[in-house]
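Written below as structure tokens is the structure these notes are about.
Just so it is clear, none of the values below were taken in a lab; they were calculated from the coordinates. The structure presented is a predicted model; accordingly, all values stated were derived computationally and were not measured. With ideal geometry, Cβ positions are generated from the backbone for all residues, glycine too; neighbour counts draw on all protein chains shown.
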Amino acid sequence: MSALITLDSVSYRTPDGARTLFENLTLVFGRERTGLVGRNGAGKTTLARLILGELAPTNGVVSVNARVASVRQVFAPPLGSSVADLLGVRDALVRLQRIEAGRACDGDLDLADWDLPGRVAAALARVGLADVSLDHDARALSGGQATRLALAGALMGAPDFIVLDEPTNNLDTDGRAAVRELLADWRGGALVISHDRAVLRGMDRILEVSELGARLYGGGYDFYVERRAAERDAAERTLDRAERKVALVERDNQLARERQERRDAAGKRKRAKGDAPKLLLDTRAEQAENSAARGSHLAERQRSEAQMALEDARAEVERTRALAFDLPASGLAAGKSVLAFHGVSYAWPGGAEIIRGLSLEIRGPERVALVGGNGSGKSTLIGLAGGTLAPTHGVVRRGVAATVLDQRAALLDADETLLANFLRLNPGANENVAYGAMAKFLFRNQAALRRPVDLSGGEKLRAALACTLFGDEPPQLLMLDEPTNHLDLESVDAIEAALSEFDGALLVASHDTDFLNRLKIERVIEPAGWRGY
């Protein structure tokens, strides 16, 4: 398979030189689909930008022998832009319209792209936007529609290789399916940064980046998980052997030191007696010193080799170790009324009702999922349940301590440190408790002094979870609005594992089927249930 993109001995350090993300990295990308995974902050987007030429490597060479297109994780259409503007075809379409109307300008006929309308229509249909007008105001598009439009724009140039950064983050179920279908039919090369397990299952290989570099796994997500589990077990065994080896070397070296000390003591007693020639004693003393020196050098080499092996084993365990934590008990009683909607309706000012006459009750540790397309009202319902929105009609009652976590982690003050945020949200806690809570979510030591404004979306949500779940009063009702959108795979897996054992109530809005299945959802509510039809 011919190489489209090659990274040869690439290293990259942050502009301030404080952090090295990649060291001597060599990779080849051809016409296969590669899923790029790793912890938030490990360098996934940096690697993509190196490939796109937006960043220059500190050392090494990035060679690109292909037409490359990309779709950003955050796609915000500029003010006044239309769908045609975002696709980059407005001027070319206007030119065709002038020609067809008989008002062609000089040069129009030479520049006319007669196949363009067909290519535009095909690209829009391919991403499920066949019904969207090219004159449509781009800012009126939903986040999912904007992402699909960006995908269509990437396809317009007939690229050989596409780079997609979290392409399903803002998409509903249908949009996610459209992305999976596009990638399934894609015959060029692709690098897909994603934590969407359904997307990753369709990859030809998985590339994992970590503090120790990059590692490739042939096959899709399920094979990657299987191999990672095997590596984790092997790493733990290697660490156990390395620890035992260090202990054994220390024991042997201690025994050797004790033997040498006994010989030295015997030599001193012999010299003190004075019954042996001085020359013989001096020769024996020199031999003893040489033997001791050789023994000391050997012991130091053995100790150094054992310690290096131990450090390597610890690093591999750290690479493969899964984030894990246990949630504190909520103490929620089985029959307790947790949340109740009584004839609730809601309409945005000047708009139609999004929620109409909804009556709903959650009792005890029930698990309820809200599903539906983008714009159907899931986030609005979460806002009403959490109290950030007031109903137009009806009453919402919360019977227990409740917390809302959205994908933007809005409860955090962006300019405070994580430690300060924890103490503000939990005034009864001290710094030791705060540091301990942050460490559970991988913000250890100085990392707890970082600010949300400097964190990725996934890191912010992890910090918000730490502040919420390990505070003064753990919530008995936890409301989650698309919680997995910006989390890395490791964090998603850890949060799923913890929430699956959570003894409180859950109200979750999510398009992530894997996530909902892992949470053991008991009741699913769709738009028909909150729109009165």
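Annotations for the structure displayed:
- Restricting the trypsin sites (Lys or Arg not before Pro) of region 101-156 to loop positions (DSSP other than H, G, I, E, B) with no more than 16 neighbouring Cβ atoms within 10 Å leaves Arg103.
- For region 382-533, fraction of C-alpha pairs farther apart than 24 Å, in %: 34 percent
- Here's how it looks for Arg363: its modeled amide H is under 5 Å from those of Val338, which are all 5 or more places away or on a different chain.
- Between helix 457-469 and the chain: long-axis angle, C-alpha atoms, 0 to 90°, nearest 10: 80 degrees
- Within-9-Å neighbourhood charge of Pro78 [Cβ basis; K, R +1; D, E -1]: 0
- Computed helical MRE - 222 nm, the chain, DSSP H runs ≥ 4 contributing -39500 (n - 2.57), nearest 500: -13500 deg cm²/dmol
- Size descriptors for the chain: radius of gyration and Dmax over Cα atoms are 31.1, 126 Å.
- Dipole-positive endmost among Met308, Ser345, Met479 within the chain (Cβ charges, Cα centre): Met308
- The chain: antiparallel DSSP beta bridges as a percent of all, rounded to 5: 45 percent
- Here the Debye sum runs over all C-alpha atoms of region 162-263 as equal scatterers in vacuum, and log10 of I(q)/I(0) at q = 0.10, 0.16 Å⁻¹ comes out as -0.48, -0.80.
- Selected from Ala158, Gly188, Thr513, residue furthest toward positive end of dipole (the chain; charges at beta carbon): Thr513
- Applying a threshold of 30 Å to the alpha-carbon distances of Lys245/Lys460; Lys44/Lys245; Lys460/Lys520 flags Lys245/Lys460; Lys44/Lys245 as lying beyond it.
- Derived scalar couplings ³J(HN,Hα) [region 39-55; Karplus, 6.51 cos²θ - 1.76 cosθ + 1.60; whole Hz; x for Gly, Pro]: 4, 4, x, 6, x, 4, 5, 4, 4, 4, 5, 5, 5, 7, x, 7, 10
- Of the peptides 172-183, 220-231, the ranking by mean beta-carbon count within 10 Å, highest at the top, reads 172-183, 220-231.
- Neighbour-limited loop hits for trypsin sites (Lys or Arg not before Pro), region 494-529 (at most 13 other Cβ within 10 Å; DSSP other than H, G, I, E, B): Lys520
- At q = 0.11, 0.14, 0.16, 0.22 Å⁻¹, base-10 log of I(q)/I(0) for region 1-142 (Debye sum, equal scatterers on each alpha carbon): -0.66, -0.89, -0.99, -1.27
- Rounded to the nearest 20, the size of the Cβ-charge dipole of the chain about its Cα centre is 1920 debye, with Lys and Arg at +1 and Asp and Glu at -1.
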